[in-house]
Amino acid sequence: MEELTGLVVCGGLSSRMGKDKSLIEWHGLAQRYFLYQIMEPLCKKVFISCNTTQANDIQPGYDFIVDNEKYNDIGPMAALLTALDKYPGNSFLIVGCDYPFIKGKDMLQLISNRTENDLAVSFYTETTGFYEPLLAIYENKIAKLLFENFEQQQYSLQRILKGSNTRKVTPSELKAIKSIDTAEDYFTALNG
């Protein structure tokens, strides 16, 4: 299988959190850098996917990709399409900055479930029927489908994963795929 390119997705507005989620220090390091570092041994190259404002504050030594303006206001799909524009033919391991409990072993679980037949591999919660689009691998052969959905103004990665040949992976620990999106989630996670 092709080596993966890692993408730490943090270009959102973090409006529900009230501050940039990628800068929260869950492990003594801003989350975007923590994820970057744990992805480095798993990928041939890693990038922080960010918006224009965030790009001004990326520390030296971290490679980044700024979301293309033509993908403004389409959500996390912007990160993936921008990366595919810059690196066509690459397969991507995508990790959102709002998953503070994800570990390298969890990412390895995704990687070890890759097969030649899948368009994507994603963590999946059986009880909700919900894929985790920002804890997933998007194989290079899904690019055409992603760009077609963009042209049709269909921006939901969840919908694309549900409608395509996506391998479902049940996480070894549900906490690993817990997204922290609001200030309330943040305080609950700190105290729980």
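Select from the range 116-129 the residues that are touching a strand residue (DSSP E or B) at 6+ places or on another chain (Cβ under 7 Å) and either assigned to a helix (DSSP H, G or I) or of a type outside the set (A, V, I, L, M) (or both) and list them in ascending order. Once the filter is applied, which keeps residues that are touching a strand residue (DSSP E or B) at 6+ places or on another chain (Cβ under 7 Å) and either assigned to a helix (DSSP H, G or I) or of a type outside the set (A, V, I, L, M) (or both), the range 116-129 yields 118, 122, 123, 124. Scan the range 36-53 and give yes if some residue there is more than 28 Å from residue 154 (Cβ to Cβ) and touching a Lys or Arg at 6+ places or on another chain (Cβ under 9 Å), otherwise no. Yes, there is a match, as at least one residue in the range 36-53 is more than 28 Å from residue 154 (Cβ to Cβ) and touching a Lys or Arg at 6+ places or on another chain (Cβ under 9 Å). Considering (1) in a helix (DSSP H, G or I); (2) closer than 22 Å to residue 36 by Cβ, the lone condition that residue 147 does not fulfil carries the number (2).
Scanning the range 98-111 for any residue that is within 12 Å of the chain's Cα centre (by Cα), open to solvent by less than 50 Å² (accessible area, probe 1.4 Å) and closer than 18 Å to residue 51 by Cα turns up at least one such residue.
Within the group 141, 86, which residue is touching a strand residue (DSSP E or B) at 6+ places or on another chain (Cβ under 8 Å) and either under 20 Å from residue 64 (Cβ atoms) or free of Cβ contacts under 8 Å to residues at least 60 places away in the same chain (or both)? Result: 86 is the single residue among 141, 86 that is touching a strand residue (DSSP E or B) at 6+ places or on another chain (Cβ under 8 Å) and either under 20 Å from residue 64 (Cβ atoms) or free of Cβ contacts under 8 Å to residues at least 60 places away in the same chain (or both).
Sort out which residues of the range 41-56 are in contact with a Leu (Cβ under 7 Å, 6 or more places away or on another chain) and in a strand (DSSP E or B), and write them in order of number. Once the filter is applied, which keeps residues that are in contact with a Leu (Cβ under 7 Å, 6 or more places away or on another chain) and in a strand (DSSP E or B), the range 41-56 yields 47, 49. Applying the condition of being among the charged types (D, E, K, R) and assigned to a loop (DSSP other than H, G, I, E, B) to the range 66-97 and asking which residue is nearest to the chain's Cα centre (by Cα) yields 67.
Each row is one residue, and each column tells you yes or no for (1) buried (at least 16 other Cβ atoms within 10 Å of the Cβ); (2) in a loop (DSSP other than H, G, I, E, B).
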residue: 114; (1), (2): yes, yes
residue: 134; (1), (2): yes, no
residue: 143; (1), (2): yes, no
residue: 155; (1), (2): yes, yes
residue: 162; (1), (2): no, no
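Among the numbered conditions (1) over 21 Å from residue 8 (Cβ atoms); (2) touching a Lys or Arg at 6+ places or on another chain (Cβ under 9 Å); (3) among the β-branched types (Val, Ile, Thr), the only one that residue 180 does not meet is (1). From the list 24, 38, the one residue that fits, being open to solvent by less than 20 Å² (accessible area, probe 1.4 Å) and touching a helix residue (DSSP H, G or I) at 6+ places or on another chain (Cβ under 7 Å), is 24.
Take the conditions (1) touching an Asp or Glu at 6+ places or on another chain (Cβ under 9 Å); (2) open to solvent by less than 80 Å² (accessible area, probe 1.4 Å); (3) modelled with pLDDT of 95 or more; residue 177 misses just one of them, which is (3).
Within the range 46-74, the set of residues being touching a Phe, Trp or Tyr at 6+ places or on another chain (Cβ under 6 Å) and surrounded by fewer than 14 Cβ atoms within 10 Å (Cβ to Cβ) comprises 63 only.
The values are calculated or read from the model by the stated rules, or taken from the named source; none is laboratory data. Nothing here was measured: the structure is a model prediction, and the numbers come from that model. As a convention, Cβ positions derive from the backbone with ideal geometry for all residues, glycine included, and neighbour counts pool all protein chains shown. Heads up: the accessible areas ignore ligands, DNA and RNA and are worked out on the full protein's heavy atoms, side chains in. Shrake-Rupley method; radii C 1.70, N 1.55, O 1.52, S 1.80 Å.
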